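Asker: What follows is a structure written as structure tokens; I'll ask about it next.
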Amino acid sequence: MQKKRGRPRLFDVDTALDSAVDVFWEKGYDGTDIDALTEAMGINRPSLYAAYGNKRALFFKAVGRYYEQIAMRGLPRANAEDLEQPSLRDVIVGFLYDHEQPRGCLIACVLAAEANASDDAKHVLRDLVDREQRRIETWASERIASDPGGAKARCYANLMIATLHSVGVKASAGFPRERVEAEIDDTMRVLDGILKG
């Protein structure tokens, strides 16, 4: 006998995952429970487990979604023309502060906190930071005329990542938007100087 197929899902997996991102981003991992997730995602527990696995698996899927849809948006991309790039400053300030309450960065704040306690989170964090490092280095190396050994490109990528994480922590801590914007402006001038050599 042919096995019957399960009922089709009555919700959009990515849309529901975006809602999970918001919950983890706002409440952190430990502060988030399944009831809060199912309510925000508009699904029941069986649907959550069937589509995403348990809370831990959903958290890592949410982190991946955040990285692809939010954290990477507007950051330097290899082989991209400068005219294609939105203002990096506006992107950083926007995704951290354009909310009723600044939430910091899901990766720099929530995932990093989990990485201190759990090896699985540590591996995910290391992979994301390493991937971002390589991507920004590649972009910078395409624009620096003379960079023996790639030292300037590495410096550019390190400073960029440090800035993103610093801004994320400061937003989470409630630092005034004006102060953070001024610090980003100062950093952008340093980064531009590295590119110009």
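The values are calculated or read from the model by the stated rules, or taken from the named source; none is laboratory data. Worth saying up front: this structure is predicted, and the values here are computed from it rather than measured. We place every Cβ from the backbone using ideal geometry, glycine too, and count neighbours over all the protein chains shown. To get the accessible areas, we keep the full protein, side chains included, count just its heavy atoms, and leave off ligands, DNA and RNA. Shrake-Rupley method; radii C 1.70, N 1.55, O 1.52, S 1.80 Å.
Asker: Can you compute the charge dipole magnitude of segment 114-197 about its Cα centre, using +1 on each Lys and Arg Cβ and -1 on each Asp and Glu Cβ, nothing else charged? Give it in debye, rounded to the nearest 20.
Answerer: I would put it at about 200 debye.
Asker: Could you list which residues have their amide H under 5 Å from that of ARG143, counting only those 5 or more apart in sequence or on another chain, with H placed in the peptide plane?
Answerer: none
Asker: Order the following by accessible area, largest value first: THR138, THR163. Probe radius 1.4 Å; ligands, DNA and RNA are ignored.
Answerer: Result of the area sort, largest leading: THR138, THR163.
Asker: Please work out the Cα center distance from segment 118-144 to segment 34-56, rounded to the nearest Å.
Answerer: 30
Asker: Now for a different question. If you count only protein heavy atoms and use a 1.4 Å probe, how large is the accessible surface of CYS155, to the nearest 10 Å²?
Answerer: Probe radius 1.4 Å; accessible area of CYS155 about 70 Å².
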